[in-house]
1. Hey, does region 108-119 have a residue that's closer than 20 Å to ASP24 by Cα, in the same structural domain as ASP24 (by TED's automatic domain parsing) and either within 20 Å of the chain's Cα centre (by Cα) or modelled with pLDDT under 95 (or both)?
2. With region 239-313 as the region, which helices (runs of 4 or more DSSP H) entirely inside it contain at least 3 residues that are at pLDDT below 90 and closer than 23 Å to SER331 by Cα?
3. Please find, among GLY164, GLY181, the residue that is at pLDDT below 85 and not in a loop (DSSP other than H, G, I, E, B).
4. Which one is surrounded by the fewest Cβ atoms within 10 Å (Cβ to Cβ) among residues in region 135-176 that are among the polar types (S, T, N, Q) and closer than 20 Å to PHE103 by Cβ?
5. Anything in region 264-287 that is small (Gly, Ala, Ser) and surrounded by fewer than 17 Cβ atoms within 10 Å (Cβ to Cβ)? List them, or say none.
Amino acid sequence: MNLAINPDILTFITTYQCTSSCTDCCFECNPQKKGRLKFREMKSYLDQSIASFPSIKLLVLTGGECFLLKNDLDEIIKYASSKGLYVRVVTNGYWAKTYAAAFKRLSSLNNAGLTEINFSTGDDHLAFVPESSIKNGVKAALELKMTTVINIESNKMKEFNSFGFLQDDDLKPFLAPGEDGNTLLRIVNGVWIPFTNKTKSELVEVADSKPEKIINSIKRCTNLFTSIIIDSSHNMIACCGLTCKYSKYLYLGNVSKKSIKELYENQFNDFLKIWLFTEGPHKIMDYLTSNNSWLSYDLNNKDHMCLVCATILNNDQYLSKIKSDLTNISSNILLKYFLTLKSNHHEKT
């Protein structure tokens, strides 16, 4: 019985080094972090990945700050483009101090084959990179007709929002759909969750003062089984979810020791990952805590699915309960898994 889903994305977490030190960075990136993927390593991993999985259509380059790779960034974009892949980069925009500097840097990447750029900003990011730099980078990218995304930190205690971008006269024309029905610029409110004790307590206070939930994401996990993700330590990770760095369970192995194909496909021998993909962590938590008073769970500051997932994966009692009940629950979950695969196939065709 083949349970595997072929990935369509290859992601390189190129480095954990960053020009910024955001308080709640999910990867704990900062300028002091060392280590990065070199061009020859990325080229090798890309070749292995597309040879094993021709389904891959997109390369994502992120970090940390992938622009710290300098010429290696241009080279891997050029190589991926030569293989027919779309290429997306994720950046904080530190390099766009002026429009001229931004246009010059992006022109080089555009010539190499870059197709999409995502800018991360918001309260934490703005302590290191001003809004003016983001606008310089965005306007240069749009001038070069690149698909552009501005991802803004979002939760109820954040002050900065999308208003300044939405009201910018230079950006407004790009927010409207073109003749093909697509927009060249998208502004999204990206989830930003607390990782330090201080921000966790602040978020709980906000939650206690509001009648509605902070973030409602009671659904299945769509981060799993879509990507091959390799970080700067040559580890393959199961997902790029916000808490992936906080659970060893999501580390699949090192690509210098086992093949990319083997590490990726081994995931499908893991019932819990299939369950997370099929029903999501909230339903798993409901199962674990229903009629089990000895398994408690505080929803106050763990409402986002990635935090619920991390709570399950890092709790030995929860994992033991799943293991002991495996015989009783596996058939039903596997049936739902195959129905999900069938539904996804119809959506794509």
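1. Of all residues in region 108-119, those closer than 20 Å to ASP24 by Cα come to 118-119.
Those still in the list that are in the same structural domain as ASP24 (by TED's automatic domain parsing) too: 118-119.
Then keep just the ones that are either within 20 Å of the chain's Cα centre (by Cα) or modelled with pLDDT under 95 (or both); that gives 118-119.
Yes, region 108-119 contains a residue that is closer than 20 Å to ASP24 by Cα, in the same structural domain as ASP24 (by TED's automatic domain parsing) and either within 20 Å of the chain's Cα centre (by Cα) or modelled with pLDDT under 95 (or both).
2. Values: elements: 260-266, 271-279, 281-289, 305-313.
Passing ranges, in order: 281-289.
3. The conditions single out GLY164.
4. Taking region 135-176 as the starting set, the residues that turn out to be among the polar types (S, T, N, Q) are 136, 147-148, 151, 154-155, 161-162, 167.
From what's left, closer than 20 Å to PHE103 by Cβ: 136, 147-148.
Numbers: ASN136: 22, THR147: 18, THR148: 24.
Once the filter is applied, the top-ranked residue is THR147.
5. Quick first cut of region 264-287, residues small (Gly, Ala, Ser) only: 280.
Correct list: empty.
The values are calculated or read from the model by the stated rules, or taken from the named source; none is laboratory data. Worth saying up front: this structure is predicted, and the values here are computed from it rather than measured. Glycine also receives a Cβ, built like all others from the backbone with ideal geometry; neighbour counts cover every protein chain displayed.
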